[in-house]
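Contents: one structure, followed by commentary.
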Amino acid sequence: MRVLLIDFNPFMAAATPISIGYVGAALKCKRHNVQVLSLGSATLFSPLAFKEFIREYAPDIVGFGTYQRSIFHINALATLVKEASPEAFIILGGPHITFLPDDALSVLTGVDFLCRGEGEPVILAVTDAIQSGKAALPVPGTTSRNSEGGYITGPSITPAKDLDEYPSPWLEGILDPADMDEAIMLTSRGCPHVCSFCYTPAAFGRKVRAHSVDRVIQEIAFVASRGSGRLWFADPNFSFSEKRVIEILEEIVRRDLKLDMWIETRADMLNKELIALMKRAGVNMIAMGLESASENVYPHLNKNLDPDRIREAIEMAFAAGLDVELFSQYALPHERFVDAMQTLNFVKESGVKIKGNSNAQQMQIYYGSEIAADPAKFGVKPLRDSFQPCMAIGTEFETEWMTRREIEKIKAAWKIESLDGGKRVVS
């Protein structure tokens with residue numbers, strides 16, 4: 001089958017997500033014809049040219065990686081696909097789609113399937129259903145429309161226990177590091193923690209699955225040999241296993257790979273020895289989740305991480321010559337304006353530069369998080385009585401502790417302190 005995978009991000013430069021690369025690799029290994037199309041803020045785009053491209057490629061399936069910020073753009077593109085190629089099936093995947101209500105399809109009129117599980121096995125289930133003429137039946141891992149105007153959801157799909165079962169987007173040639181200033185890598189999926197604002201616990205069942213060290217090193221060496229050596233690791237917690245991460249870093253050092261790496265991890269999984277090894281291996285930036293520095297707030301987030309431990313990790317990283325980014329939020333449960341200012345002051349006093357990912361953002365409420373499941377329990381007061389079924393609350397709320405005006409005030413305070421004007425768009 002001919003499958004077109006599209007990433008559309010009108011808010012920043014085109015950069016194909018690693019998730020789409022994995023889906024493409026899974027299709028390629030099953031001998032499907034796969035093409036990946038990345039469209040970004042700088043992409044010259046014409047609806048007529050897009051429709052002509054669709055007609056020429058004549059895809060059987062078009063898959064979109066989808067976030068809340070882009071869902072209406074993608075619905076418009078799906079409509080263009082249907083106009084150019086009415087027989088093509090369209091499937092949406094990505095974090096926003098996993099827990100989307102079924103009746104979102106009433107708004108997403110150009111869409112045939114919503115992906116309800118891990119992309120690799122789901123896309124193969126869809127191709128099998130289409131090829132066997134069973135696309136109108138419940139397809140495993142998806143939600144679709146039925147003939148009565150309702151919705152049908154197929155049985156869930158069990159993801160691979162061993163991530164090495166999924167072919168590499170790099171080694172299979174779906175993604176080419178030679179075309180990128182920075183390559184996005186992924187060595188593990190999932191997180192064992194249950195932060196109340198996060199989608200990941202529900203999506204991965206609080207479990208972590210990882211590629212083998214051999215697979216990780218094979219990918220890193222390949223990408224480094226063909227690309228710039230700048231690697232951005234999308235793992236939610238790169239050092240979840242100290243033994244494993246030491247093996248990876250020591251092998252990078254042994255091979256003398258010339259790398260410039262960005263990683264994200266928890267502060268309580270860092271120590272001086274590990275940070276020193278990270279430095280030798282080429283890690284230049286460590287990102288950590290702070291969220292809030294106020295004792296009135298962080299105990300309610302289920303993060304189980306004291307700001308003092310984060311401060312200690314920052315100091316160790318700086319002493320080793322590494323840079324640090326901190327993820328922080330405002331308008332969190334139990335957070336007053338004074339608590340939000342405490343977080344801002346913590347970041348300033350820590351010496352972390354307020355730019356890039358260290359620009360704080362308002363908490364965003366998306367399907368799959370504990371807060372989204374019961375906003376009132378967490379003191380969240382939506383600004384509207386109802387939302388379209390394809391949209392979660394996002395940032396359209398105030399809380400029992402902060403008014404909308406106060407939320408805008410703390411947003412302005414962060415922007416004043418920002419070294420890059422707070423130029424960051426999140427999902």
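Percent antiparallel among DSSP beta bridges with both residues in the stretch 176-417, to the nearest 5?
That works out to approximately 25 percent antiparallel.
Dipole size in debye (nearest 20) for the stretch 2-153 around its Cα centre, Lys and Arg Cβ +1, Asp and Glu Cβ -1?
It comes to approximately 240 debye.
What is the spin-label model distance, in nm, from residue 279 to residue 208 if the labels are put 7 Å beyond Cα along the C-beta direction?
For the pair residue 279/residue 208, the computed spacing is 2.4 nm.
Measure up 258/303; 30/51; 279/353; 207/272; 353/415; 381/409 against 24 Å on the Cα-Cα distance and list the ones that go over.
258/303; 30/51; 207/272
Quick check: the distance between the Cα centres of the stretch 199-243 and the stretch 66-119, to the nearest angstrom?
The stretch 199-243 and the stretch 66-119 have Cα centres spaced 28 Å from each other.
Just for the chain, what percent of DSSP beta bridges are antiparallel, to the closest 5?
25
Rounded to whole Å, give me the distance from the Cα center of the stretch 283-297 to that of the stretch 308-364.
5
Rounded, prolate or oblate, given the Cα gyration tensor of the stretch 16-73, with a/c below 1.5 counting as rounded?
oblate
Assuming R0 = 22 Å, can you tell me the calculated FRET efficiency for the pair residue 308 and residue 269, based on Cβ-Cβ distance, to the nearest 0.05?
0.90
Largest first and in whole Å, give the semi-axes of the stretch 176-417's equivalent ellipsoid, each being the square root of 5 times a Cα gyration tensor eigenvalue.
So the equivalent ellipsoid measures 34, 20, 16 Å along its semi-axes.
Please work through the chain and write down the cysteines that have no neighbouring cysteine Cβ at a distance under 4.7 Å.
That list is 29, 115, 191, 390.
For the chain, set up a Gaussian network in which alpha carbons nearer than 10 Å are linked by springs, and say which option among 414, 170, 401 fluctuates the most.
401
Considering the dipole of the stretch 176-417 built from charges on the beta carbon (Lys and Arg +1, Asp and Glu -1) around the Cα centre, which of 193, 298, 221 is farthest to its positive end?
Farthest towards the positive end: 221.
Quote the FRET efficiency, to the nearest 0.05, computed for residue 413 versus residue 145 with a Förster distance R0 of 35 Å and r equal to the Cβ-Cβ distance.
It comes out at approximately 0.15.
List 423, 243 from most exposed to least, where exposure is judged by having the fewest other Cβ atoms within 10 Å.
Ordered from fewest to most neighbouring Cβ atoms within 10 Å, 423, 243 come out as 243, 423.
Test of understanding: what is the full-extension gain from residue 403 to residue 79, defined as 0.36 nm times their sequence separation minus their Cα-Cα distance?
Residue separation times 0.36 nm, minus the Cα-Cα distance, leaves 112.8 nm.
Name the residues whose placed amide hydrogens come within less than 5 Å of the amide hydrogen of residue 325, ignoring near sequence neighbours (fewer than 5 apart) on the same chain.
The list, which skips near neighbours in sequence, is 286, 287, 288.
Per DSSP H run of at least 4 residues, take -39500 (n - 2.57); add these up for the chain, divide by its residues and hand me the 222 nm value, nearest 500 deg cm²/dmol.
My calculation for the chain gives -10000 deg cm²/dmol from helical runs alone.
In whole Å, how far is the Cα centre of the stretch 122-195 from that of the stretch 391-423?
What the calculation gives is 34 Å, centre to centre.
Report, in debye and to the nearest 20, how large the dipole of the stretch 19-93 comes out about its Cα centre when Lys and Arg carry +1 and Asp and Glu carry -1 on their Cβ.
About 220 debye.
Pop out the ³J(HN,Hα) list for the stretch 31-45 in order, Karplus 6.51 cos²θ - 1.76 cosθ + 1.60 with θ = phi - 60°, rounded to Hz; leave Gly and Pro as x.
Residue by residue, the stretch 31-45 yields 6, 7, 7, 10, 10, 10, 10, 10, 10, x, 5, 9, 6, 6, 10 Hz.
Apply 1/(1 + (r/R0)^6) to the Cβ-Cβ distance of residue 296 and residue 13, taking R0 = 45 Å, and write down the FRET efficiency to the nearest 0.05.
It comes out at approximately 0.70.
Can you sort 32, 96 by how many other beta carbons sit within 10 Å, fewest first?
Listed from fewest to most nearby Cβ atoms, that is 32, 96.
How long are the three semi-axes of the equivalent ellipsoid for the chain, computed from the Cα gyration tensor as the root of 5 times each eigenvalue, in whole Å, largest first?
Here the semi-axes work out to 35, 28, 19 Å.
Restricting to DSSP loop positions (anything but H, G, I, E, B) with no more than 16 other Cβ atoms inside 10 Å of their own Cβ, which chymotrypsin sites (Phe, Trp or Tyr not before Pro) remain in the stretch 13-88?
When the chymotrypsin sites (Phe, Trp or Tyr not before Pro) of the stretch 13-88 are filtered for loop state and at most 16 Cβ neighbours within 10 Å, 45 remain.
Determine the gain in length on full extension of the stretch residue 72-residue 194; use 0.36 nm per residue of separation and subtract their C-alpha separation, reporting nm with one decimal.
Taking 0.36 nm per residue and subtracting the Cα distance, the gain is 40.9 nm.
Readers should treat all values here as calculations from the given coordinates under stated rules, not as data from a laboratory. Since this is a predicted model, take the numbers as computed values, not measurements. Heads up, the Cβs are rebuilt from the backbone with ideal geometry, glycines too, and the neighbour counts pull from every protein chain shown.
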